[in-house]
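The values are calculated or read from the model by the stated rules, or taken from the named source; none is laboratory data. Keep in mind that what you see is a predicted model, and the values were worked out from it rather than measured. All Cβ positions, even for glycine, are placed from backbone atoms using ideal geometry, and neighbour counts span all protein chains on display. Accessible surface areas use protein heavy atoms only, side chains included; no ligands, DNA or RNA. Shrake-Rupley method; radii C 1.70, N 1.55, O 1.52, S 1.80 Å.
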Amino acid sequence: MKVGVFSFVFQDLLGFERALEWIAEVGATAVEIGTGGYVAELGKPYCKPEELLQDDDKLEAFRKTVEAHGLEISAFSCHGNVLHPKRAIAQSHDKALRDSILLAERLGVPTVVTFSGCPGDSDNALYPNWITCPWPTDFSELLVWQWREKVIPYWQEMAKFAEAHGKIKIALEMHPGFVVYNPETMLRLRDETSELIGVNFDPSHLFWQSIDPCTAVRALGDSIFHVHAKDTSIDPLNTPINGVLDTKPYSDEIHRSWIFRTVGYGHDIKFWKDLVSALRLVGYDGVLSMEHEDSLMSLREGLQKGVEALRSLVLTDERGKPWFEEVGA
């Protein structure tokens, strides 16, 4: 396994080369690079696929810049809502995803990360409608419509696009607010579409849903294409009163039911060792991409502590063998 960093957090703070230097200096060996969608809207993206795809010299310079810092690209990320009922948003995020797949094909990057998206309640809707309960029956009926008319057709077609362009793997981050938010919805979409549709496994979004990440890894198996390393802390005072559904701003940490933390600050290192072991059990030996969204720490300290923790626990050698069975011990 390797430790990586999701570089989008540096976009408004450091130039691309300085960000790569910092990532390499803290001991990471891989970088996940934002290419569009919400990531592009949060700042000035380091990577603009449309420009690189139209200019071979720029494309080669981009490749050499990453390689010069001893890093590999673990994934391109264009988190967006390709099913958004506002056509302009859906089209923009769809184009970002397609361009990211084309760029991944050109540069030999195996995976593109995004969200599954969430439609509205009709063809005339303006906003997404995330269904979380079966009753009143309006919700159940709407959920059937969303999957039949919007979700499955879109991802079947996008899987064909990925197949035709290098068999790039599309890793959906299971995230509340979108139609794929847990292993059940993830595996349903995969079954309905293609084996090129899989998971960007981020335990932080599972913790507050009361999902055990290690058990989820076992359920998802070889559908795990990429992993985000991000923790979550459940507040012991607020959650017993109000539960985990929380719409307060992330900056209102002291009143929220849960907040994102850096690795080791929501759950102890024993959990992260168990997660690494579970991932290896199902055959994942790829990158753990550190994503910093810990508002109690500076960017520098949060990433540095997180990367240090990950480096201490990842398994880097090939799997061993039960030699004691072979000698009859």
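The lone criterion from (1) open to solvent by 10 Å² or more (accessible area, probe 1.4 Å); (2) at pLDDT below 95 left unmet by Ile73 is number (2). The residue that is farthest from Val112 (Cα to Cα), among those in segment 6-21 that are surrounded by 13 or more Cβ atoms within 10 Å (Cβ to Cβ) and either small (Gly, Ala, Ser) or free of Cβ contacts under 8 Å to residues at least 40 places away in the same chain (or both), is Leu14. If you check Gly70, Gly80 for being assigned to a loop (DSSP other than H, G, I, E, B) and either over 21 Å from Trp147 (Cβ atoms) or of a type in the set (S, T, N, Q) (or both), only one passes: Gly70. Starting from residues that are open to solvent by less than 10 Å² (accessible area, probe 1.4 Å) and assigned to a loop (DSSP other than H, G, I, E, B), keep the ones in segment 103-117 and report whichever is nearest to Tyr46 (Cα to Cα). That would be Val109.
Scanning segment 296-316 for residues that are free of Cβ contacts under 8 Å to residues at least 40 places away in the same chain and part of a helix (DSSP H, G or I) yields Arg300, Glu301.
Each residue in segment 38-48 was checked for being in contact with a Cys (Cβ under 9 Å, 6 or more places away or on another chain) and either modelled with pLDDT of 95 or more or in a loop (DSSP other than H, G, I, E, B) (or both), and 0 pass. Only one of the listed residues (Leu288, Leu275) is modelled with pLDDT of 95 or more, touching a Pro at 6+ places or on another chain (Cβ under 7 Å) and crowded, with 18+ Cβ neighbours inside 10 Å. That residue is Leu275. Considered as a group, the residues in segment 260-272 that are in contact with a Ser or Thr (Cβ under 6 Å, 6 or more places away or on another chain) and open to solvent by 20 Å² or more (accessible area, probe 1.4 Å) include one that is nearest to Glu72 (Cα to Cα), and that residue is Arg261.
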